[in-house]
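Let me begin by presenting the structure, written as structure tokens, before commenting on it.
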Amino acid sequence: MELDTANSAVSSATSFIVNALSKAIVEHRLAPGTKLSEQKVADQFGVSRTLVRQALFQLAQNRLIRLEPARGAFVATPSVTEAKQVFEVRRMLEAEMTRAFVRDVTPAMISALQAHVAQEKSAVERQDVAGRTALLGDFHVRMAALMGNEVLAQMLAELISRCSLITLMYQSASAAEHSNEDHADIVQALAARDEARAVRLMDEHLHHVEAQLTFDPKAPGNTLSTARS
């Protein structure tokens with residue numbers, strides 16, 4: 001029982017650090033390329049370096065930071081070239097996914113997507129940057145999961161995570177709102193079993209997302225001192 005309690009406390013502390021640093025990166029309070037010293041992070045949060053190491057590992061898995069041997073942890077630097085390549089692959093993959101979805105669509109699948117789009121809209125309206133980004137990206141994974149294709153869902157999740165930092169940092173509120181509207185239109189086309197329109201809307205949507213990324217944000221504070229804000 002005591003071991004379970006201790007493990008729960010460690011997990012909670014690690015999650016707190018992960019969430020705080022994620023929020024600081026998303027809100028531009030930590031710039032791309034910023035070094036995250038284990039000791040400085042530990043001092044800032046009042047925890048051990050072991051907990052910090054666990055948190056940094058999770059952030060690396062989420063591609064928000066990169067871990068370099070003998071150098072340490074750094075806030076990930078988004079690559080425009082990589083983003084363009086990811087979107088290109090996504091357009092190819094998701095066109096076929098959309099066609100397959102139309103062939104197998106059921107009322108229950110449409111209801112699930114409609115509920116997801118409603119959650120997106122709520123996150124956009126309350127200006128929940130991290131929440132809206134996660135939901136907007138997960139819409140595409142959700143489509144694959146509803147089809148019962150776990151391999152496709154995993155592939156899409158990996159592709160989306162590769163451009164998630166760029167979307168988090170460089171997608172404006174208006175662009176996020178546009179994405180939500182695009183998703184609603186796609187769901188309507190899927191519900192109508194209009195394959196041609198659904199595929200066209202998906203392709204246009206992915207082009208919109210890529211085109212609306214703005215790579216000139218205001219300069220962030222670039223310090224750990226505000227990471228817990």
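The values are calculated or read from the model by the stated rules, or taken from the named source; none is laboratory data. Keep in mind that this is a model prediction, so the values were computed, not measured. Please note: Cβ atoms are built from the backbone with ideal geometry, for glycine as well, and neighbour counts cover all protein chains shown. Accessible surface is based on the protein model in full, side chains and every heavy atom, while ligands, DNA and RNA are left aside. Shrake-Rupley method; radii C 1.70, N 1.55, O 1.52, S 1.80 Å.
Worth a mention:
Per-residue answers, yes or no, for (1) open to solvent by less than 10 Å² (accessible area, probe 1.4 Å); (2) over 16 Å from A115 (Cα atoms); (3) in contact with a Ser or Thr (Cβ under 9 Å, 6 or more places away or on another chain); (4) part of a helix (DSSP H, G or I):
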residue	(1), (2), (3), (4)
H140	yes, no, no, yes
A145	no, no, no, yes
Q154	no, yes, no, yes
S161	no, yes, no, yes
I166	yes, yes, yes, yes
H183	yes, no, no, yes
V187	yes, no, no, yes
L190	yes, no, yes, yes
R197	no, yes, no, yes
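- Members of the stretch 199-214 that are touching a Phe, Trp or Tyr at 6+ places or on another chain (Cβ under 9 Å), assigned to a helix (DSSP H, G or I) and surrounded by fewer than 15 Cβ atoms within 10 Å (Cβ to Cβ): H207
- Screening P78 on (1) modelled with pLDDT under 90; (2) assigned to a helix (DSSP H, G or I); (3) in contact with a helix residue (DSSP H, G or I) (Cβ under 8 Å, 6 or more places away or on another chain) shows it passes everything except condition (2).
- Enumeration of residues in the stretch 35-45 that are surrounded by 16 or more Cβ atoms within 10 Å (Cβ to Cβ) and under 17 Å from Q58 (Cα atoms): L36, E38, V41, A42, F45
- Condition met for A134 (open to solvent by 20 Å² or more (accessible area, probe 1.4 Å) and more than 21 Å from R197 (Cβ to Cβ)): yes
- Residue match in the stretch 49-62 (condition: at pLDDT below 90 and within 18 Å of T167 (Cβ to Cβ)): yes
- Complete set of residues in the stretch 81-125 that are in contact (Cβ under 8 Å) with a residue 60 or more places away in the chain, among the β-branched types (V, I, T) and in a helix (DSSP H, G or I): V86, V89, T98, V102, I110, V117
- Q119 modelled with pLDDT of 85 or more, within 18 Å of the chain's Cα centre (by Cα) and open to solvent by 40 Å² or more (accessible area, probe 1.4 Å): yes
- Boolean, R71 is open to solvent by less than 20 Å² (accessible area, probe 1.4 Å), over 17 Å from L190 (Cβ atoms) and not aliphatic (A, V, I, L, M): no
- Residue match in the stretch 20-34 (condition: at pLDDT 85 or above, open to solvent by 80 Å² or more (accessible area, probe 1.4 Å) and either closer than 19 Å to L165 by Cα or assigned to a helix (DSSP H, G or I) (or both)): no
- In the stretch 168-181, residue modelled with the highest pLDDT [restricted to those that are open to solvent by 10 Å² or more (accessible area, probe 1.4 Å) and among the small types (G, A, S)]: S174
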